Structure formats: structure tokens, C-alpha cells
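Undergrad: Input: one structure, supplied below.
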Amino acid sequence: EVGYLDSTGAFNASSTPSRQNRVAVRFAVENIGTKTSKEFTFSSVLPTYPAYTYFSPSQPALGPGDRIEYTIGFDSFELDNTGDFVANVDPTGSQNEKDKVNNIVRYAITIVK
């Protein structure tokens, strides 16, 4: 979900974040399989100007059904007020899994001035 970080760093969901706030995205990674994953990493392409890709440090293994939420805030935004946020879990393909289709999510964000 998209929103902004307030002055305390708390995430506030908003379908119309503003340049006056620190725009943020909150997303979840969930193990929908039947085995515990290995430790993993993720990358996030941020809709910033200039463009920036965040690379996470190693994240803890997830057991079947386990879920973890991440919030990423950023200070600048695309010049045209619309941009795509892309999260890629296991960008190096190191996890042994049958289906990798759900490892990438793309979300269009539009901000108000």
C-alpha cells in the first residue's frame, strides 16, 4: 500500500500522498509454500528523481505461512508526479521454489503537489 511517513516515522496509508510528506510504500513478503525458506534479499526500484534501487541486506528465513512487512520511504519523487514502485524478492534467484511469478510486484503511484 502507498502512503507517507509522518514526523515520527509512522506509516500512514493514503491514496494521494503529497510532495510535502515523505512518500512511502508498505508491502509484505509471505511464505506460501510448505517448507522454510532460506535467508533472502529483496530489491526495490523507487520512483525517485534521480532513479534509485534499494538493495536489502540479508533477511531472516520464513517458515510456511510466515509473513513480514516492510516500509520504504523516500524523499524525492519522479518529476511528473507519477512513478512505479517495483519490489523483487529474491532478485538473484537463490531460493529453490517452483513458482517465482509472485516474487515481483509493480505498483503505480501518483502524488499530489
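Undergrad: Give me the percent of the accessible area of the chain that comes from carbon and sulfur atoms, probe 1.4 Å, all protein chains in place.
TA: Whole-percent figure for carbon plus sulfur exposure: 51.
Undergrad: What does the accessible area per residue of the chain come to in Å², with a 1.4 Å probe and no ligands, DNA or RNA counted?
TA: So the chain comes to 62 Å² accessible per residue, rounded to a whole number.
Undergrad: Quick check: pseudo-label points 7 Å beyond the Cα along Cα→Cβ at L79 and V45, how many nm apart are they?
TA: Distance between label points: 1.9 nm.
Undergrad: Please report the accessible area of D6 (heavy atoms, 1.4 Å probe, ligands and nucleic acids excluded) in Å², nearest 10.
TA: 60 Å²
Undergrad: Something else: Among the lysines in the chain, how many pairs, 8 or more places apart or on different chains, have alpha carbons under 24 Å apart?
TA: 4
Undergrad: I've got another one for you. Quick one: P(r) of the chain from all Cα-Cα pairs, 10 Å bins, percents rounded to integers, in order of increasing distance.
TA: 13, 44, 29, 14, 1
Undergrad: Suppose a student asked you for the relative contact order of the chain, using Cα pairs under 8 Å spaced at least 6 residues apart; what percent would you report?
TA: Contact order relative to length: 29 percent.
Undergrad: Next question, about the same structure. For the stretch 62-69, take each phi angle, set θ = phi - 60°, evaluate the Karplus expression 6.51 cos²θ - 1.76 cosθ + 1.60, and give the result in whole Hz per residue in order, putting x for glycine and proline.
TA: 10, x, x, x, 6, 9, 9, 9
Undergrad: Note down the nm distance, to one decimal, between modelled labels 7 Å out along Cα→Cβ at I68 and at S7.
TA: 3.2 nm
Undergrad: What percentage of all Cα-Cα pairs in the stretch 22-75 are separated by more than 13 Å?
TA: The calculated P(r) of the stretch 22-75 puts 64 percent of pairs beyond 13 Å.
Undergrad: Right, here's the next one. Full-extension gain between K38 and A61, please, as 0.36 nm times their residue separation minus the C-alpha to C-alpha distance. The partial results should precede the final answer.
TA: Values: separation 23, 0.36 × 23 = 8.28 nm, distance 0.49 nm.
Using 0.36 nm per residue and subtracting the Cα-Cα distance, I get 7.8 nm.
Undergrad: Charges only on Cβ, +1 for Lys and Arg, -1 for Asp and Glu: so what's the dipole of the chain about the Cα centre, in debye to the nearest 20?
TA: 40 debye
Undergrad: Run the simple label-point estimate for S15 and K98 please: 7 Å along Cα→C-beta, distance reported in nm.
TA: 3.7 nm
The values are calculated or read from the model by the stated rules, or taken from the named source; none is laboratory data. Being a predicted model, the structure only gives us computed values, none of them experimental. Glycine gets a Cβ as well: all are built from the backbone with ideal geometry, and neighbour counts include every protein chain shown. When the accessible area is computed, the model is the full protein with side chains, heavy atoms only, and any ligands, DNA or RNA have been set aside. Shrake-Rupley method; radii C 1.70, N 1.55, O 1.52, S 1.80 Å.
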